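The values are calculated or read from the model by the stated rules, or taken from the named source; none is laboratory data. Predicted model, so just to flag it, every value in this text is computed and none were measured. Methodologically, a virtual Cβ is constructed for each residue, glycine included, from the backbone with ideal geometry; neighbour enumeration extends over all protein chains shown. These area figures cover heavy atoms from the full protein model, side chains too; ligands, DNA and RNA do not enter into them. Shrake-Rupley method; radii C 1.70, N 1.55, O 1.52, S 1.80 Å.
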Amino acid sequence: MVLAVTAAATATAAAFGLAEVTAIAGLGAVFGLMAGVGGPLRSDLRLMAWCGPLLVLALAAGPVVNQVAALAVAVPALAVLVATVVPLLGWRLELAGGAVLAAVVLSSATGIGAGLSVLLRLAVAAVGVGFAVVLRVVFGGRDPSAATRRAVAAALTDREARVLADAVVVWRSDGAPAWLGEALAGAAAMRVARSELESRLGGLPLPLAERMRVVLAEADRVAAQLAVAVRARSSRALPMVDLFTQQADALRNVGVSSDVLRLVDGLAAGLEQVRRGLSDRERGTAEPVPRPRGRQLLVEELRALVTPRSALSRHAARCTLAVLVGALIATWWHSPYASILVMSIFAVLRPMHRDSASVALQRAAGMMLAVGVAAVVGSFTPAPLLVAAFVVLGVVGFAVLQRSHIALTALLTVLVVVLRDVTRTAAVPDLVIGFLTSAAIGATLALAMGYLTLPRPRNSLVDRVRGTVEVVRGLAGVLIEGGAPEAVRSAHALAIRRTRDLVAFIDRVEDEAEEQRRAAKEAAAALDALRIALRELAELRADDRAGVLPALRYARTLLATPDGRPVRAEFHLPEVGPWPAVLAAQVVVAEALTVHRAAVRLEHG
């Protein structure tokens, strides 16, 4: 249906030769889908209430900005500067903010739609964004919380490191439904206990290990059935746990250690808590979880990272300077070919995420290929027809554009090339040479300022991960010892810088083995989720944190430098206490386990 409606609308516009109208409306729909699809329906519509008007304004005001030299230079540079900070807002706002900022860069740097009046541009862009909102409501209106339930269900069955932390974010963005909060807390407890039991299989005698595998298999079966019940739109019969209980009781009767029994009890308690949440689904009896003070934490992150010592600040400065120089060249050049120069810089640098030089080179090569093909094809094919085809492709494949920066920038650059009048007046060799020259200037600027100016990393990957783990461990220590609010904020600021710098360091290092890089990325993601959970715990009263302090001490022990031997500490999983403390502490323990195992792989792999 989406394909049919989009194709009909764009074909109609193309039939009347309305290439720019088709492009602006199509871009409004594509950017609207990129920004407005990704979370629960309620959260997405709340986001589009402010993001939609910004998209319309960005697409309509671009030609006005492009015609004023000072604005044509300043606006794209400012947009790229903001884009480097957007990831701090979380993955959902990163999608929305990224779409808006890409629209700003595209419109202001290229002047797309300059042949139309301002009112017409506003109307056409509003139609495109409105179409995206209608699609979001149509496909999500019948089941608004489907994305939230899928995220919580994934925490029950998916073993990926970030699944739990991402599920918490999605759940909070949907208003923190009480029954799903209880199910999520149970999933967290189950994941931690199961992971610990699995790690201890190698130290058990063979008969006990085989019996333990049977217990884990039964737990996985129950968890999978619970995940189906969580994903369902309405309540359904809960899975039976009798067989799991029998296997767990049999394990208790063969004389395993008390620590292993405590883990089995934690596994059973987690599964039971998920069942309890599902039972409360219709009754609404679960205690709600208050939201953390997200705005205050965001301000803390910005203060910690806006410093010359921060990798984020240096990355932002390099990207902004490259776009500033590129915009100055494009303004001075006064050529249709210059319209893609800033877009080429944006494509190669990818301001919202830092990548290695080899990845940037691949993006540069892909950009040059896309520009060359578009210049050739645009000289033989009517622009309205090509624009309509690319709009349909963008609307249908918006999910790919959300994930792939090079696919998004290639599509946008191709649209700009096709819309230039020069494609219908100049010779094909001149077209190809002109656009490729512009793209090459942009790519060279991006590579020179973004990568050639970088100093070679001096520390090893293992040393960087080890140092970051120690900093986050120090934050946990301040919290355990009941440090003053200023001490917590200071330790958290240092943890923010070190975790973000670690991510930047991993992206730049290319001479490490792929397995080492993968383990380091896993550790960096877990450390970031861990310091966020610790900071949320710090916002609670000391009395509320008291019940989870043993679990925090256990997590701190896990963060000690690994020596390849099992951790000599009594396992603790928070089971009682206020909801915010229990849930955050469960995330802390789960992420600390992930960090510990990734660090072991780094140290001894």
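If you go through region 108-123 and pick out every residue that is open to solvent by less than 30 Å² (accessible area, probe 1.4 Å) and among the hydroxyl-bearing types (Ser, Thr, Tyr), you end up with 2. Within region 131-152, restricting attention to residues that are more than 19 Å from the chain's Cα centre (by Cα), modelled with pLDDT of 85 or more and crowded, with 17+ Cβ neighbours inside 10 Å, the residue that is nearest to residue 22 (Cα to Cα) is 131. When region 75-99 is filtered for residues that are in contact with a Leu (Cβ under 8 Å, 6 or more places away or on another chain), under 23 Å from residue 331 (Cα atoms) and open to solvent by 20 Å² or more (accessible area, probe 1.4 Å), only 82 remains.
Going by the structure shown, is residue 135 among the hydrophobic types (A, V, I, L, M, F, W, C) and not in a helix (DSSP H, G or I)? Judged against the criteria, residue 135 is not a match. If you go through region 588-605 and keep only what is open to solvent by less than 20 Å² (accessible area, probe 1.4 Å) and acidic (Asp, Glu), you end up with just 591.
Against the numbered list (1) touching a residue at least 40 places away in the same chain (Cβ under 8 Å); (2) of a type outside the set (A, V, I, L, M); (3) more than 30 Å from residue 25 (Cα to Cα), residue 202 comes up short only at (1).
Let's see how each residue does on (1) closer than 30 Å to residue 20 by Cα; (2) modelled with pLDDT of 85 or more:
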site: 281; (1), (2): no, no
site: 284; (1), (2): no, no
site: 303; (1), (2): no, no
site: 312; (1), (2): no, no
site: 318; (1), (2): no, no
site: 344; (1), (2): yes, yes
site: 381; (1), (2): yes, no
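Scanning region 40-72 for residues that are among the aliphatic types (A, V, I, L, M) and crowded, with 24+ Cβ neighbours inside 10 Å returns 55, 56, 58, 59, 60.
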